[in-house]
1. On each of the three principal axes of the Cα atoms of region 340-384, give max minus min coordinate, whole Å, ordered largest first.
2. Using the Cα centre as the reference, give the magnitude of the dipole from point charges on the C-beta atoms of region 54-165 (Lys, Arg: +1; Asp, Glu: -1; all else neutral), rounded to the nearest 20 debye.
3. I'd like to know which of Val441, Pro325, Gly378 lies farthest towards the positive end of the charge dipole of region 314-471, counting +1 on Cβ of Lys and Arg and -1 on Cβ of Asp and Glu.
4. Would you work out the charge dipole size for region 152-293 about its Cα centre, treating the Cβ of every Lys and Arg as +1 and the Cβ of every Asp and Glu as -1, and quote it to the nearest 20 debye?
5. Which of Leu210, Ser257, Val271 sits closest to the plus end of the dipole of region 178-308, meaning its Cα is farthest towards the positive end, when Lys and Arg get +1 and Asp and Glu get -1 on the C-beta?
6. Roughly what % antiparallel, to the nearest 5, for the DSSP beta bridges in the chain?
7. If the cut-off is a Cα-Cα distance under 23 Å, which lysines reach Lys243, setting aside same-chain residues fewer than 8 apart in sequence?
8. Have a look at the DSSP beta bridges in region 185-267 and tell me what percent are antiparallel, nearest 5.
Amino acid sequence: MISIMAAFARAAAPRQGEVFVRTLFGLLALVACTSVVEEPIPNVPPADWDASIRLVTPADKNPDPKVLEIDLEARITDVEVLPGTRTKMWTYNGGLPGPLIRARVGDTLVVHFKNSLPEPTTIHWHGLRVPAAMDGNGMETVPSGGTFEYRFTLPDAGTFWYHPHHHSAAQVGNGLYGPLVVDDPADPALGAESIVVLSDASIEDDGTLLPPTTGGPIADLFGREGGYLLVNGRIRPKLRARKGVPIRLRMINASRSRYYRMALEGHELIVVGGDGGLLQTPHREPEVMLVPGERIDVVIEPKTSGLLKWLPFERGFGTAFAREPEPILDLEVLDLPGATPPPIPARFKTIPRLDPTGAKTHKIELTQMTVDGKTKLGINGVSNTTTLRAMVGETNILEVVNTTDAHHPFHLHGFFFQVEGSTDWKDTLNIPMKETRKVVVKYDDRPGMWMFHCHILDHADLGMMGMLEVVRDPSAPPTHSAH
Ligand code: C2O
Ligand code: CU
């Protein structure tokens, strides 16, 4: 600073003394401000707090600030998952997970996709209300070596993700998944945040990827859980926080089958958001559960260092039998002075409740059957063939009846729903064994074929999948489903 002032003094002519003095005061004020900025009472975590899990963002090729235009390539890449070993993971742009796609509500996303995998694939934009032709739902695939341009606007703020919808248990299980976050500048600031993609890797101790059919038909029914828990592709990373200064974690369960029941030692989790962005009101929980496909947005008020743990959960077939809690990540809480940030608002917004009065009810039974001596899963007793029909503008109640002895996460493409009695927008909902959930959905003007299925992807591949055809004209002949 001294040398800058000296240089300034040399440059200033004598007759401009008054200007010089005024400018000097300005400069001193600037210096004072700068030192305030250099030594503030911090109300943010340390700068490197989430360096261990920070995600890459793809280059935006479009100068228009309202358009995010990126390249995405699905390809097999050598990745270090287990320290000291290499695994041939299936990746987007060579990373595990795929890059963080982040834009603002109302922006247009353009994705130049190239499939460099040895088999067909698609990209499904989980939770995004896109046109049916952009849904990447597996009815039309991108062949090996082929390309596709996805282009749509982002109508809702929230935490979403993308993954293939062809051989999805295998392709997602092999590593194809990535986060997508849509920001609304009008949403309240809730502290420094990190995107947390939870998954598990089905690999051997030498790093070899297990074949996706490992364990055979029993594993299909059980739902394959990889032996290594991953946070943004890392095993048990560490986050660093400043005592009392909140951090926000936007979590996505991108694992093919694993339920994430989680608790953070010494802390409550303040749930602020879910599948469809911020909730109406936040709530505090001692533990949370995130089923495959689901998202949760939590704020943590750091108190003492602790472990975020995966806790066993019996989702059927003895899935919790003889299992112990497992570490997900470490939170190191530094006892550094921190400013008290503004409290979390008691209410974020008012979400109108969908009115189900007079709405038609579709009953969707999740079923287990034996076909030709083989165990299959289905919807209403058949695999992949049930097609429901609805009209644009119509409100429906979907009555999802789980007749089986296992839990299933129900996911509907293309539209958010509200669980009866709640206003929070959801697209993925756990249906406990032998229980029923009613959800209310209203179809905006995006006609087409929309999938609904169990998001235990091994179950979806066993046939627990159906179609919802949304039409503009009720007299139109039914479109035949590709399944
Ligand atoms: Cu996350 Cu049908 O998908
Ligand atoms: Cu299932």
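We did not get these values from a lab; they are worked out from the coordinates using the rules stated. These numbers were taken from a predicted model, which means no experiment stands behind them. As a convention, Cβ positions derive from the backbone with ideal geometry for all residues, glycine included, and neighbour counts pool all protein chains shown.
1. Here the spans come out as 63, 37, 12 Å, largest first.
2. Approximately 220 debye in magnitude.
3. Ranked along the dipole, the leading option is Val441.
4. Using Cβ point charges on Lys, Arg, Asp and Glu, region 152-293 gives about 400 debye.
5. Val271
6. The antiparallel proportion sits near 70 percent.
7. Lys303, Lys309
8. Around 45 percent of the beta bridges assigned by DSSP in region 185-267 are antiparallel ones.
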